[in-house]
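The values are calculated or read from the model by the stated rules, or taken from the named source; none is laboratory data. All of these numbers come straight from a predicted model, not from anything done at the bench. Cβ atoms come from the backbone with ideal geometry, glycine included; neighbour counts cover every protein chain shown. Just so you know, the surface numbers come from the protein's heavy atoms only, side chains and all, with ligands and any DNA or RNA stripped out. Shrake-Rupley method; radii C 1.70, N 1.55, O 1.52, S 1.80 Å.
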Amino acid sequence: MKQTLINLTSGEPKKIIPSVIWATLESILRMMPAVIAFYGIMEIFNTYTEQRAIDLALFGKLAIASIVWFLIQLAVSMVAYDKEYTAAYTVSADGRRNLANHLRKLSLGYFDSRDPGDLTTMMLGDYALLENAVSHMLPQAFGSLLLLAVAFVSLGAIDWRMTLCIYGMLPLVLLAIWGSNVLMEKLGAKHIAAKVDSASRLQEYLHGIKEIKAYSLGGQQFGRLERAFNNLRKESIRIEGFLGPVVLMGISVLRMGLPVMIFAGAYFLGQNSLSVSVFLAFVVVAGRIYDPFTTLLINYTEMRYAMISGRRIMEIRNQPVVSGTEKLPADYTIRMENVSFAYNDETVLSAIDLTIAPKSMTALVGPSGSGKSTIVKLLARFYEVNEGRITIGGKNLQTIDPENLYDHLSMVFQDVYLFKDTILNNIRVGNQAASFEEVVAAAKQAHCHEFIMALPNGYDTMVGEGGSSLSGGEKQRISIARAFLKKSEIILLDEATAALDLENEAGVQKAIRNLVADKTVIVIAHRLKTVINADQIVVLEDGKIAGVGTHQSLYTDCSLYKKLVDMQNEAANWKFSRCDEEISAVS
């Protein structure tokens with residue numbers, strides 16, 4: 001039961017206690033009309049039985065009690081309504097926020113193992129189901145259970161035989177509930193998986209819309225999206241088709257208790273062991289008792305479905321975060337000691353030993369897939385090493401508080417992401433407390449102030465999702481401005497000029513030289529001419545170090561480095577010969 005509440009409330013069961021209490025009180029008050037009717041019926045039959053005048057004063061009191069009851073129930077219902085929905089949306093909002101904060105602290109390796117649409121479905125769809133469960137189903141379920149227990153005790157005190165008749169079909173109903181549990185565990189998980197798959201395929205479709213249009217993959221030719229939606233339709237029909245009849249059967253069996261009670265009552269009347277007034281009172285009350293029973297059956301099935309969503313959420317909430325308690329030391333010497341790393345079962349780095357001196361520039365070069373980006377991601381602690389260790393100032397990176405690490409670390413990568421916000425706030429990502437003047441100064445250092453001022457609203461110009469309204473070079477320079485604003489001691493660069501045109505490259509290269517002055521810099525270099533003056537160049541091949549040294553020493557002693565340099569020099573002189581011929585002909 002405890003785990004059920006934890007799953008339904010996304011780990012916050014205490015927050016729904018007030019709503020459950022008020023909903024339970026509201027459910028009990030709903031029985032008051034039946035109680036008032038019970039006393040009225042008893043008085044009417046006693047009047048005829050005892051051959052006396054009807055007690056009008058009693059009915060006056062019952063009328064007053066009805067009015068008072070109505071006002072009390074109205075007040076309680078209003079409070080219960082407020083508590084239920086406040087609890088539901090509070091639990092949901094806090095849950096989404098806590099989950100987002102938890103995701104931020106997880107290793108990137110965890111995200112690589114999950115479908116991209118899974119987390120989107122969880123944030124939106126799963127929490128929507130929990131909202132509904134916490135606002136409607138859970139309080140009503142507790143209220144219905146308590147009401148049924150109170151009614152069982154109260155009616156049993158009046159006539160235990162008639163009470164057993166009302167509740168007599170409950171064992172068969174419990175059997176139907178067990179059947180619905182079994183079906184929900186199988187069908188519910190498949191239905192949610194189908195929703196996740198359709199969300200992922202839709203996300204894939206939208207992200208790849210340029211390729212889909214370019215290669216005519218739209219419509220029926222894009223079969224993965226169509227199959228995902230067809231599977232979702234099939235699973236939706238299955239879950240409704242199998243569970244619906246089970247629930248309806250349970251409700252029908254439950255209500256069979258009413259005719260059983262009537263037949264039994266008629267028998268007891270014939271045996272003079274039951275008064276007519278008690279019999280009619282039970283008929284009146286029984287009709288009200290089956291309503292919470294029916295609500296409980298319907299809500300229970302939906303709660304079981306919501307519990308699957310709750311388990312999915314708690315599964316992520318229980319994932320271990322990237323943790324640490326120590327502060328980064330003032331010595332920024334970085335060492336990789338016998339470091340190995342693998343993505344799943346694919347080894348990417350093997351036995352890497354490397355020392356990076358503070359306030360120096362280290363360039364990582366090598367063929368595609370040699371492990372350059374992986375080293376940078378390990379230094380940023382996006383992933384944890386499988387073997388060996390990384391130290392900064394002698395302290396193991398895994399013992400350092402990630403928040404403290406990122407306070408002293410800036411990253412400028414090729415794949416720059418800008419948020420759907422103003423350019424001002426996108427630059428302020430580097431330092432959210434920075435003043436406008438500091439943002440402008442950073443933008444000028446990154447050589448992006450001019451193009452920003454040319455935009456319609458300057459620094460207040462809204463940027464499209466992911467920076468879609470800006471060119472690659474403009475996004476790159478905004479990313480560099482972020483790094484300027486942060487003023488970190490350790491800088492990680494992934495060929496920050498790769499997306500720039502020739503006109504802007506020289507200026508941004510100068511900006512980067514200003515950025516990395518007196519900093520510990522690790523740069524992934526694709527164009528080797530940009531790092532020939534680095535303090536050390538690390539050549540990687542197949543996840544291993546093929547050479548370490550300066551440009552001159554490596555060009556002489558490292559065959560792979562010499563090959564890469566010669567290939568780039570040859571590529572720099574490459575031309576479109578056919579175009580040259582056409583140009584010559586025109587001339």
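Structure values in brief
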item	result
MRE, 222 nm, helices only [DSSP H, n ≥ 4, -39500 (n - 2.57), over the chain, to nearest 500]	-20000 deg cm²/dmol
FRET efficiency estimate (nearest 0.05) - Cβ-Cβ, ILE158 to LEU124, R0 35 angstrom	0.10
Cα Rg, Dmax, the stretch 337-486, angstrom units	18.0, 53
The stretch 1-147 shape via C-alpha gyration tensor axes, a/c threshold 1.5	prolate
Contour excess over end-to-end distance, with Cα ends at GLN432 and ASN533 and 0.36 nm allotted per residue	33.0 nm
Of all accessible heavy-atom area on the stretch 141-283, the percent that carbon and sulfur account for (1.4 Å)	69
Cα→Cβ-extended label distance, 7 Å offset, between ASP331 and GLN319, nm	3.6
Eligible lysines near LYS61 by straight Cα distance, threshold 20 Å, same-chain separation 8 or greater	none
Cα gyration tensor category, rounded, prolate or oblate, for the stretch 266-378 with a/c compared to 1.5	prolate
Separation in nanometres of the label points that stand 7 Å from Cα toward Cβ, at GLU387 and SER107	1.6
Segment ASN569-MET249, length gained on full extension (0.36 nm per residue, minus Cα span)	107.3 nm
Spin-label zone in the stretch 58-101 - amide nitrogen under 13 Å from a point set 7 Å from the Cα of ILE28 along the C-beta vector	none
Potential lengthening between SER368 and ASN46 on full extension [0.36 nm per residue; Cα-Cα distance subtracted]	106.3 nm
Simple spin-label estimate for ALA57 and THR86 in nanometres, 7 Å along Cα-Cβ	4.3
Qualifying lysines (Cα of each under 17 Å from Cα of LYS395; at least 8 residues distant if same chain)	LYS327
Long-range amide H partners of LEU540 with built H, under 5 Å	VAL365, GLY366, ALA546
Estimated vicinal HN-Hα couplings, Hz - the stretch 17-26 in sequence order (Karplus 6.51, -1.76, 1.60; Gly, Pro = x)	4, x, 5, 5, 4, 5, 5, 5, 4, 4
Two-site FRET efficiency, ASN457 against LYS420, from Cβ-Cβ distance with R₀ of 22 Å, rounded to 0.05	0.90
Eligible lysines near LYS186 by straight Cα distance, threshold 25 Å, same-chain separation 8 or greater	LYS2, LYS195, LYS234
Calculated from backbone phi, Karplus (6.51, -1.76, 1.60) coupling profile of the stretch 473-483 in Hz, x at Gly/Pro	x, 5, 4, 4, 5, 5, 5, 5, 4, 4, 5
28 Å Cα-Cα threshold exceeded, pairs from LYS372/LYS486; LYS372/LYS562; LYS105/LYS210; LYS83/LYS105	LYS105/LYS210; LYS83/LYS105
Gyration tensor verdict on the stretch 28-72 (Cα atoms; rounded if a/c is under 1.5, prolate if a/b is larger than b/c, oblate otherwise)	oblate
Modelled FRET efficiency - R0 22 Å, ASP401 with THR355, Cβ distances, 0.05 increments	0.40
Amide hydrogen neighbours beyond the local backbone of PHE413, cut-off 5 Å, H modeled	ASP494
Average accessible area per residue (Å²) across the chain - probe 1.4 Å, nucleic acids and ligands excluded	52
Exposure ranking of VAL348, VAL429, VAL134 by accessible area [1.4 Å probe, largest first]	VAL429, VAL348, VAL134
